[in-house]
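One structure below.
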Amino acid sequence: MAGKYDRREFLKKSALASAALVVGGGLDVRAAQKPVLVKVSGPGVPRDIAKAVKKVLEPLGGMRAFVKKGHKVLLKPNVGFPTPPEHHATTSPAMLKTVAQMALDCGASKVLILDNPTRRPEACMKVVGIKEAVAGMKNVHFFLPTSDKMYVQTKVPRGKVLKRTEILKDALSVDVHIAMPIAKSHNAAGFTGALKGMMGLILDRESFHSRFDLNQAIVDLNTVLKPHLVIMDGLKVMATDGPAGPGELITRNAILAGTDAVAVDAASVELAPLYGRKIKSRQIKHLKLAEEMSLGVLKPPADRVVTLEM
Amino acid sequence: MRTAITLVSVLLMAPASDYFPDESAGKIEVFKGQKLFDYMNGGAELYLAYGFVEIAVWNYATAGNQATVEIYEMGGLAEAYGIFSHTSRGDPVDVGVPAMLARGMLSFYKGKFYVRVVAKSDPVKARDLLIALGKQVAATVPGESKPPKEVGFLPEGSIKGSLRYLVNPETARTIWFDGEGKLILTKQAKAVTAFYPGGDADIQATRISYPDKAAAVKACRALGKKLALKTAEARGGCSASGKAEDGVFTALAAKDGVLRWVTGAPDQKSASAWLAKVK
């Protein structure tokens, strides 16, 4: 539902392509499968964000594995709060700029940077630093929805509690959906990353908190909004007082990427102690439920995980 | 009866000062009850769990610095302290009442009000502004700044910023992640929990008081079962101990309507010794 080809189809094609390449060479097919989770970290990451993003995507086939000529691409950051980038409540503008440029370099016809913020869109637009970061980039559009007309009623066939919801039309019509959350603590959900961040593409978030079991509703939503790629901002983790902050910031100088949103979120949970102690990814209820509903895995096999330093 | 919005109005009507000149007033925003979601989305649940009534928000801008003053009216003094306990980071400062100053945020509680002053510009440069605004607001907010008596029942020496005052399961979402909160906290229970420096793991001590003895015993049994501990029934009470799944030692005991619980200890003897320190 997320794009013109869905994530499952994409993964299948990627795996088959990888297998075809290595069978001819007489190698083990499994060993040649692309990773589903890549992490790059180290002091070099914040010094050269563009290089770090390219590095983290390389094992996944680079941006070219996802974006083709003429594609309309959605970048879904966290722009939920009108706080400056130094608070790390919102996704790094430098990361967004890099990914937008990479998509254009692959021939993307349009790059949309979209999020439905918690607070007044104009207030968020003013301080999060993204507008300035992508200023002058042709065919890159950063906007925070202001009208209900931009959403379309959408069924959630696999939803256990969420049966339908209004989703941003643009999020449903793009060819490639790239989630770009920032790793943070969250008072209600424990952690917010890619899965929780999908709530930024819908109109009625309040019912998630007041009518439904929040964790189940998040997972239900992720049965219809499935990013093809997740690129997680783990430069500094807001370890307390999320999602709005300001909270305690723990420097990790990390960027994670992957095709399994559950795996990327799970690894991000364990990037830094949250609320002053080590939290296991299985303790974050919506991630556990997501795995139970086969949306991804908390711990991918070791041979599908790549760790890089910079 | 003072409300958050009347407090802001009083502040703005007061004679102009360095930080509250008439022309800086800007627009006051007010969010009541469930409308808090419109202001802070998911962060709202914790506030609502502490009996949130309304918030008045006011943005302040001066040359080079910006800050937001948030005055939250909570369910009462204990609830105001409760939400403060979740955000109490940084270093103590005196703004007329004890406050905490972290990078980019000053917070305190007074009466039924919880106050945050958040920097919207460079948090380091805004430090003096946060303190000055905090002093102005604290002088206007009525009531005292005194923690609930339950706080004094835990041993001293907890890890800075780790103490939490809990009043229902929803307030414990970021304390216990495996459903323990729902087992041991009821709407009438009052709990305090904190972490202490240990060996490989930090030691967590918790004390919960219930309105009746049976509720404490019920919670003790349920928690003992969940943690697969060896439970012993005492006359009118309950106790349990053992090694938890994650390899640390735990001890709990219910008596006279109070459940005491220690976990994270390196051995059983240590767990029992810590339990004895919880009043």
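Hey, residue B:181 hits all of (1) farther than 23 Å from residue B:165 by Cα; (2) among the small types (Gly, Ala, Ser); (3) touching a helix residue (DSSP H, G or I) at 6+ places or on another chain (Cβ under 9 Å) but one; which does it fall short on?
Just one mismatch for residue B:181, condition (1).
I want to confirm something. Restricting to region B:160-216 and keeping residues that are hydroxyl-bearing (Ser, Thr, Tyr) and touching a Ser or Thr at 6+ places or on another chain (Cβ under 8 Å), which single residue is nearest to the other protein chains (Cβ to nearest Cβ)? Write out each step before concluding.
Within region B:160-216, the first condition is being hydroxyl-bearing (Ser, Thr, Tyr), and the residues that meet it are B:162, B:165, B:171, B:174, B:186, B:193, B:196, B:206, B:209-210.
Okay, now just the ones that are also touching a Ser or Thr at 6+ places or on another chain (Cβ under 8 Å), so B:165, B:174, B:193, B:196, B:206, B:210.
Numbers: B:165: 15, B:174: 5, B:193: 12, B:196: 12, B:206: 14, B:210: 25 Å.
Applying the filter and picking the extreme gives B:174.
Taking region B:37-83 on its own, how many of its residues are charged (D, E, K, R) and under 18 Å from residue B:170 (Cβ atoms)? Before the answer, list the steps.
Going residue by residue through region B:37-83, those that are charged (D, E, K, R) are B:38, B:45, B:54, B:70, B:73, B:79.
Keeping just the survivors that are under 18 Å from residue B:170 (Cβ atoms) gives B:45, B:79.
Count: 2.
Among the numbered conditions (1) away from chain A (no Cβ under 14 Å); (2) in a loop (DSSP other than H, G, I, E, B), tell me where residue B:129 comes up short.
Every listed condition holds for residue B:129 apart from (2).
From A:265, A:233, grab the single residue that is outside any helix (DSSP H, G or I), among the acidic types (Asp, Glu) and away from every other protein chain (no Cβ under 14 Å).
Details: A:265 fails: outside any helix (DSSP H, G or I).
None of the others qualify; the one that does is A:233.
Evaluate the following for residue A:264: is it in contact (Cβ under 8 Å) with a residue 40 or more places away in the chain, out of contact with any helix residue (DSSP H, G or I) (no Cβ under 8 Å at 6 or more places or on another chain) and either surrounded by 23 or more Cβ atoms within 10 Å (Cβ to Cβ) or not hydroxyl-bearing (Ser, Thr, Tyr) (or both)? Break it down into steps so the answer makes sense when it comes.
Details: in contact (Cβ under 8 Å) with a residue 40 or more places away in the chain: yes; out of contact with any helix residue (DSSP H, G or I) (no Cβ under 8 Å at 6 or more places or on another chain): no; either surrounded by 23 or more Cβ atoms within 10 Å (Cβ to Cβ) or not hydroxyl-bearing (Ser, Thr, Tyr) (or both): yes.
The answer is no for residue A:264.
Looking only at region B:91-106, which residues are within 14 Å of another protein chain (Cβ to nearest Cβ) and in contact with an Asp or Glu (Cβ under 9 Å, 6 or more places away or on another chain)? Even if it seems obvious, please write down each step before you answer.
Filtering region B:91-106 down to residues within 14 Å of another protein chain (Cβ to nearest Cβ) leaves B:91, B:100-106.
Residues satisfying the conditions are B:100, B:101, B:102, B:103, B:104, B:105.
Hey, among the residues in region A:240-255 that are at pLDDT 95 or above and crowded, with 24+ Cβ neighbours inside 10 Å, which one's farthest from the chain's Cα centre (by Cα)?
Among residues in region A:240-255 that are at pLDDT 95 or above and crowded, with 24+ Cβ neighbours inside 10 Å, the one farthest from the chain's Cα centre (by Cα) is A:254.
For (1) β-branched (Val, Ile, Thr); (2) away from every other protein chain (no Cβ under 14 Å); (3) in contact with a helix residue (DSSP H, G or I) (Cβ under 9 Å, 6 or more places away or on another chain); (4) surrounded by fewer than 24 Cβ atoms within 10 Å (Cβ to Cβ), each residue gets a yes or a no:
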| site | (1), (2), (3), (4) |
| --- | --- |
| A:70 | no, yes, no, yes |
| A:74 | no, yes, yes, no |
| A:77 | no, yes, yes, no |
| A:80 | no, no, yes, no |
| A:89 | no, no, no, no |
| A:92 | no, yes, yes, no |
| A:102 | no, yes, yes, yes |
| A:106 | no, yes, yes, yes |
| A:113 | yes, yes, yes, no |
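If the requirement is being within 14 Å of chain B (Cβ to nearest Cβ) and not in a strand (DSSP E or B), which of these qualifies: A:246, A:145, A:157?
Criteria check complete, one pass: A:246.
Checking residue B:28 against (1) among the β-branched types (Val, Ile, Thr); (2) surrounded by fewer than 22 Cβ atoms within 10 Å (Cβ to Cβ); (3) at pLDDT 85 or above, only one condition comes out false. Which one?
(3)
Considering only strands (runs of 3 or more DSSP E) fully contained in region B:160-279, which possess at least 2 residues that are under 24 Å from residue A:282 (Cβ atoms) and at pLDDT 90 or above? Let's see the steps before the verdict.
Numbers: elements: B:164-166, B:190-196, B:203-209, B:230-234, B:237-243, B:249-255, B:258-265.
The strands (runs of 3 or more DSSP E) meeting that bar are B:164-166, B:190-196, B:203-209, B:237-243, B:249-255, B:258-265.
Considering only residues that are over 15 Å from residue B:75 (Cβ atoms) and either at pLDDT 90 or above or more than 8 Å from every other protein chain (Cβ to nearest Cβ) (or both), which ones fall in region B:35-47?
Our first condition is that a residue be over 15 Å from residue B:75 (Cβ atoms); within region B:35-47, this holds for B:35, B:37-43.
Passing the criteria: only B:35.
Somewhere in region B:139-149, is a residue over 18 Å from residue B:72 (Cβ atoms) and of a type outside the set (Ser, Thr, Tyr)? It would help to see each step written out before you state the result.
Let us first name the residues in region B:139-149 that are over 18 Å from residue B:72 (Cβ atoms), namely B:149.
With of a type outside the set (Ser, Thr, Tyr) added as a condition, the list becomes B:149.
There is at least one residue in region B:139-149 that is over 18 Å from residue B:72 (Cβ atoms) and of a type outside the set (Ser, Thr, Tyr).
Please pick out the residue among A:258, A:197, A:234, A:276 that is closer than 30 Å to residue B:198 by Cα and buried (at least 23 other Cβ atoms within 10 Å of the Cβ).
Details: A:258 fails: closer than 30 Å to residue B:198 by Cα; A:197 fails: closer than 30 Å to residue B:198 by Cα; A:276 fails: buried (at least 23 other Cβ atoms within 10 Å of the Cβ).
Exactly one residue qualifies, and that residue is A:234.
Yes/no matrix, rows are residues, columns are (1) of a type in the set (Gly, Ala, Ser); (2) touching a residue at least 12 places away in the same chain (Cβ under 8 Å); (3) outside any loop (DSSP other than H, G, I, E, B); (4) assigned by TED's automatic domain parsing to the domain that holds residue B:167:
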position: B:56; (1), (2), (3), (4): yes, yes, yes, no
position: B:59; (1), (2), (3), (4): no, yes, yes, no
position: B:68; (1), (2), (3), (4): no, yes, yes, no
position: B:72; (1), (2), (3), (4): no, yes, yes, no
position: B:75; (1), (2), (3), (4): yes, yes, no, no
position: B:78; (1), (2), (3), (4): yes, yes, yes, no
position: B:83; (1), (2), (3), (4): no, yes, yes, no
position: B:96; (1), (2), (3), (4): yes, yes, no, no
position: B:101; (1), (2), (3), (4): no, yes, yes, no
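Scan region A:200-231 for residues that are of a type outside the set (A, V, I, L, M, F, W, C), buried (at least 24 other Cβ atoms within 10 Å of the Cβ) and touching a strand residue (DSSP E or B) at 6+ places or on another chain (Cβ under 7 Å) and report the count.
3
Of the numbered conditions (1) within 14 Å of chain B (Cβ to nearest Cβ); (2) buried (at least 18 other Cβ atoms within 10 Å of the Cβ); (3) assigned to a helix (DSSP H, G or I), residue A:282 fails exactly one; give the number of that condition.
With (1) within 14 Å of chain B (Cβ to nearest Cβ); (2) buried (at least 18 other Cβ atoms within 10 Å of the Cβ); (3) assigned to a helix (DSSP H, G or I) applied to residue A:282, the lone miss is (2).
The values are calculated or read from the model by the stated rules, or taken from the named source; none is laboratory data. Computed from a predicted model, the values in this text were never measured in an experiment. All Cβ positions, glycine included, derive from the backbone under ideal geometry; neighbour counts span all protein chains shown.
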